[in-house]
Each structure stands twice: as structure tokens, then as C-alpha cells.
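Below: one structure, written as C-alpha cells.
The values are calculated or read from the model by the stated rules, or taken from the named source; none is laboratory data. Every value quoted in this text rests on a predicted model; they were computed, and no experiment measured them. Here the Cβ is made from the backbone with ideal geometry for all residues, glycine too, and neighbour counts use every protein chain on show. Areas reflect the complete protein model, heavy atoms only, side chains present, ligands, DNA and RNA absent. Shrake-Rupley method; radii C 1.70, N 1.55, O 1.52, S 1.80 Å.
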Amino acid sequence: MNSIDLSTVPLADNHCHGIYRRQTPADVTAWQGLFTESSDFGMRSKHVTTTLFYRRLVREMATFFDCEPTEQAILTARQQLGEIDLIRNFLRAANFDILFIDKGYPPQDLLLSDATVSDLANCRVAPILRVELLMQRLITENTNLSAVVEALRAVLNEVRGQGYVALKSIVAYRTGLDIRSWTINEVEESFALARREVQEKGSIRLAQKPLLDTLLHVTFEEAARQELPIQFHTGYGDTDADMLLANPLNLRAVLERREYRAMPVVLLHESYPYTQQGAYLATVYENVFFDLSYGIPFLGYHEMLQFSRAAFSVAPYSKLLYSSDAVGVPEIHWVSALFGRRILGQVLGECVANGELSPTQAEQAGAAVLHDNAIQLYKC
Ligand SMILES: [Zn+2]
């Protein structure tokens, strides 16, 4: 079986995060902590280094730096290179056309500006607006519910005009993807609780379900009107997410609403481990797209191969989008690019061997998933 060579296809990374200004971790545990979604200290200090993801990363970085394949050797090599060269070398090696950056995390003061990332990576950067952060700010600033709704509509009135190419929601982490409609009394009660939190803490972590669901419906109306894509975190994430409520099948009520059909919906992180369910949604709803992320979740090769096979076997490849979901250090953007191309090449080679695609079609499918589909979807 011959793999399809996708090594020269420039990438559109349709979901990733910014790059830290400071690339030197405080200690080795802080470095290891970049490669787990667990907040348990022992996961970072003891177990991360025995994941296949981490072992693979160390070996690939050692090849990149031409050093010993040990944790100590790669950390020394990245230290010696200096922060700017480190970022530039990894990002350029990945060969991006465009990075779609979720501006909601990490906090912006820790990150390089988009202009600097664009310059270092030699690619375009397109920002994505995280709606829950916007909602939190508006709840902090306004003392009544109708003022919040009005302010939200005003800010979301013309999203592309503000430079954003899409929205992103983390409702899966907060109250779950089963976004419902609530009575006005329930929403007002929920808003009162939120305001109490603002008064007690000066800020809010929006997790009042009737309120968040209601503000999301406002968001969907605005997004549909502008035919603006919205990305949803689905599946695998940190321990904030109740995995049962992060199953994309919970989105059914939203997907069934005719009035939202003009809003493209992107299910992030291959909905792992609900990959088949997510890919299924992309086959039955015209406006649902499916993200294949090769940086985070932190998976071994075999599992990345499996989810890629499942996605291609279930969904039309015009619905599949490459991403890294990389955060903070350029190594994740880079290693994702390396393995994303390799694994997609392998899966498409299998499709040719199985008589499903011609070699030319397989190459076109690879370019579509790695690049063209995202350019079309986000109109970039
Ligand atoms: Zn992300």
C-alpha cells in the first residue's frame, strides 16, 4: 500500500491557539504539564512521559534538533536555540498557509500578537471569537437581562467587520451541548444568580444553564443571519467537561432548527471518543463540518489513524477539516502538521488500495482536508 504524499500541501490549521511569549518552562514538570489535560499533579510529574504522544514528540523533536532522543536533550536544545528562532523554525517547518486562532485561551497577555505569529510563521492568521468570554464581560457590565441580550446582539451584529472569521463556543465545558429553550422566569432566575456571582467575585464563570443557553440562541440567530461558522468544543477536554454532555449528539435540538441552517457548525477535536457520532452528524446535516485534530487530543499514532479512517469512511471529505488545537508552544502546531499529513496520506493510500478513490482523487481529498475546505468555509 502506497501512502499519498501530502508533505508539500500548505496547511490551513482551522483550530489552534496562540503562542506563549515565554517559551522557557519554569521546570520540567511545567513542560510536561503542557501535554496533559489532567489537572492532577501526579499526571504531570509521573505519567505524562509514558504516553505514546509524549514519546513520539520527544523522538521527533530529537530528529528536528539532531540530538539524543531524551527529554533532557530536547529541553537543552530548545533552550539553546532561543525563543524567537524556536518558534520560527518549528512553525515554518510545518508550512502553514493560515492559522485560525481561538482568541479565548490562553489569556492574551501571555501570548505573542497575531501579527508577530504571522511574521514568524510566514503565514496568515485569522482570529476566532470565543462567545462565552464575550457573554461574561457583558453580564459583568450590565445589570439587567434585556440589556445583556441587546449588547450581545450589538457586538455580534457584524462579526466579520471586526476581523473575526468565526465564533467558538465552549458550552460543552460549562453546561453541556444539550442547548435548550427556557421560560423567561427560568432565565431571569439564572441571570440573578450570575449577577450575584459578579457582585461577590467581581467576575463570572458563566455556568448558569438557562442563561447560557438563551444567550447562545441569540448568538445562533446572529451567526445564521451572517452565515458565520461557529466551532463547538466536542468530546475530549480537561476535567471541566462532563464527557457525556460533550457528545455532539446532544446538539440535535440546535441542528434541527431550520432557522439556524445557514450557520455552519464545526465539531472540534473529532468529537473524540465520539468520532463516529460526530462524523455521522456531518453526513446528515448539510451545515455540519467535522474537525480532525492531530495535536490535541494527545493520542498515539494508532488512535489518530483510527479516527481518521472513521471520519473518511463515514463523512463526505468535503466536510472534514484539519487542525492541531495546539496551545502555547510551537512544537504542538508542528508535530500535529507532521503527523496529520502522514496519517491522512496513509488513510487516503488505503482508500486507493481499496478501490474507493483514484490516486488523483486521493490527492485532491488530502488537499481539501488539509487546506481547501477551511478556506472555503471561513471565506479566507
Ligand atoms: Zn482549542
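Under the Karplus relation 6.51 cos²θ - 1.76 cosθ + 1.60, θ = phi - 60°, what is the ordered set of whole-Hz ³J(HN,Hα) values for segment 196-208, x standing for Gly and Pro?
4, 4, 4, 5, 6, 10, x, 8, 9, 9, 5, 9, 8
Which of the GluC sites (Glu not before Pro) across segment 281-380 are loop residues per DSSP, with 14 or fewer other Cβ within 10 Å?
Answer by residue number: 286, 356.
When DSSP beta bridges are limited to those with both residues in the chain, what percentage is antiparallel, rounded to the nearest 5?
For the chain, the DSSP antiparallel bridge percentage is about 5.
Please build a GNM for the chain, connecting alpha carbons under 10 Å apart, and tell me which residue among 193, 120, 216 fluctuates the most.
Of 193, 120, 216, the most mobile in the Gaussian network model is 193.
From the Cα gyration tensor of segment 280-380, with a ≥ b ≥ c the square roots of its eigenvalues, which class applies: rounded if a/c is under 1.5, or else prolate if a/b is larger than b/c, or else oblate?
The shape class here is oblate.
Could you state the accessible area per residue of the chain in Å², with a 1.4 Å probe and every protein chain left in place?
42
Taking Rh as the Kirkwood radius computed over C-alpha pairs, what is the Stokes-Einstein D of the chain at 25 °C in a medium of viscosity 0.890 mPa s, expressed in µm² per second?
For the chosen part, D equals 114 µm²/s.
Relative contact order of segment 187-267, please, whole-number percent, based on alpha carbon pairs below 8 angstrom and at least 6 residues apart.
31
Could you work out Rg/(2.2 N^0.38 Å) for segment 164-270, with Rg from alpha carbons only?
My calculation over the Cα atoms of segment 164-270 gives 1.08.
Counting Lys +1, Arg +1, Asp -1, Glu -1, what net charge surrounds residue 163 among other residues with beta carbon under 15 Å of its beta carbon?
+3
Would you kindly derive the ³J(HN,Hα) couplings of segment 293-302 from the backbone phi angles with the Karplus curve 6.51 cos²θ - 1.76 cosθ + 1.60 (θ = phi - 60°), listing them in order in whole Hz, with x for Gly and Pro?
These are the phi-based 3J(HN,Hα) values: 10, 10, x, 10, x, 7, 10, x, 4, 4 Hz.
Once segment 336-380 is represented by equal point scatterers at the alpha-carbon sites, with solvent omitted, what log10 I(q)/I(0) does the Debye formula produce at q = 0.25 Å⁻¹?
-0.85
State the Cα centre-to-centre distance between segment 107-158 and segment 5-42 in whole Å.
Going from one Cα centre to the other spans 22 Å.
At a 1.4 Å probe, what is the % contribution of carbon and sulfur to the accessible area of segment 180-304?
50
Holding the Cα-Cα limit at 32 Å, pick out from 103/201; 46/201; 103/209 the pairs that are longer than that.
Result: 46/201 exceed 32 Å.
Non-local amide H neighbours of residue 166 (under 5 Å, H modeled in plane, Pro and chain starts lacking H): which ones?
Counting only residues 5 or more places away or on other chains, the set is 129.
Highest GNM mean-square fluctuation, the chain, Cα pairs closer than 10 Å: which of 146, 271, 113?
Highest fluctuation among the options: 146.
Could you run the Karplus curve 6.51 cos²θ - 1.76 cosθ + 1.60 with θ = phi - 60° over segment 149-155 and give me ³J(HN,Hα) per residue in whole Hz, x for Gly and Pro?
Values per residue, Gly and Pro as x: 4, 4, 5, 5, 4, 5, 5 Hz.
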